[in-house]
Each structure stands twice: as C-alpha cells, then as structure tokens.
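**Student:** Pasting in a structure now, in structure tokens, and then I'll have a few things to ask.
The values are calculated or read from the model by the stated rules, or taken from the named source; none is laboratory data. What you see is a predicted model; the values in this text were computed from it and never measured. In this analysis, Cβ positions are derived from the backbone assuming ideal geometry, glycine residues included, and neighbour counts consider all displayed protein chains.
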Amino acid sequence: MFYGALVWDPWLIVVQIVCLQCLYYLTLGLFLAILVGTRVSRMSLVYFFDYATLTISTVTGWCVVTSFVLSALASAGYLLLLIERSKKCLDFSVTLYIVHLFICIGYGGWPSSITWWVVNGTGIGVMALLGEYLCMRRELQEIKIPTTRYRSNV
C-alpha cells in the first residue's frame, strides 16, 4: 500500500477493526486458558466480559488482570502487522476497547469496578504507545537501494 495515497476505504477499516478484535480475543483466551484455566474448574465467558472477575483481591483475579495486560502487549504487535501506521494506532486501540466496553455492558452491565477501568485504561495506553513505537520504528527504517551497476561489454 502506498502511504501517500489519500484513499479512504471504509471496508478496509472495518475489516481491520474486526481482525484486530478477533486477534485480541483469541490472545486473551489463550492467556486466560494458561493463567486462569489451571486455577478454576471451568472456564467461561465471565472471565472475558464480566467486570467482577477483574479484581486484585484474589490470585485468580490477578491472573485475569495479567491476561488482559499481556493481551494488550500482544495487540501492539497486531497493530504493527495489520495497521502499519503509527498515526492510526491510537484510533484502533481506542476503538478496540470501546467495542469491548459495549460487549461488557451487554454481558454484565455497566462496569462499576475501579479495577476494570484501570486495567482497561492501562491496556489502551500500553497497546497504543507500544504499537506507535513499533510502527514508527518500521516507518523510519532505511530503504535499501541495490547498488549493482550495469556495465556495458565494450
């Protein structure tokens, strides 16, 4: 894709949002299975979407919090792969967490836990800042030009 072209493609944006959301939940599910699945008898969507599971008063709650933070770190890498532009990272990070907020509201009501807000706010910050850093490093890489010269056989 050429970065200079100012083409607004809404379908591309929607597909990027859907892919980013799916990768976020797949990664969150993987971390929850590893960290929380060993501590509880049965995994469910409660650990994804219920604000009451994000607590720092139990070891299982700490495992859930850690899963959310690790998913934000991994999602910064997804921003590098899917979005590729540092100036778009904040937009896509906030969009991901707004969609997550609406799903949480539909699942368990308005999140009234301060821990939920702190963890998700930290997730936005980690994902956006690390994603911008990674994308900026890629954007600033030197473009290698081949140095082979063609000689005429005279």
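**Student:** Give the residues of segment 92-109 that are at pLDDT below 95 and exposed (fewer than 13 other Cβ atoms within 10 Å of the Cβ), sorted by residue number.
**Tutor:** Residue satisfying the conditions is G109 alone.
**Student:** Kindly list the number of the only condition in (1) surrounded by fewer than 17 Cβ atoms within 10 Å (Cβ to Cβ); (2) at pLDDT below 95 that fails for I83.
**Tutor:** Of the numbered conditions (1) surrounded by fewer than 17 Cβ atoms within 10 Å (Cβ to Cβ); (2) at pLDDT below 95, the odd one out for I83 is (1).
**Student:** All but one of (1) modelled with pLDDT under 95; (2) assigned to a helix (DSSP H, G or I) hold for R42; state the number of the condition that does not hold.
**Tutor:** (2)
**Student:** Can I ask one more? Name the residues in segment 107-132 that are part of a helix (DSSP H, G or I), free of Cβ contacts under 8 Å to residues at least 24 places away in the same chain and either farther than 12 Å from L73 by Cα or more than 12 Å from the chain's Cα centre (by Cα) (or both), would you?
**Tutor:** Correct list: I114, W117, V118, G121.
**Student:** Go through (1) modelled with pLDDT under 95; (2) surrounded by fewer than 19 Cβ atoms within 10 Å (Cβ to Cβ); (3) under 23 Å from R137 (Cα atoms); (4) among the hydrophobic types (A, V, I, L, M, F, W, C) one by one and return the number of the condition I17 breaks.
**Tutor:** I17 satisfies every listed condition except (1).
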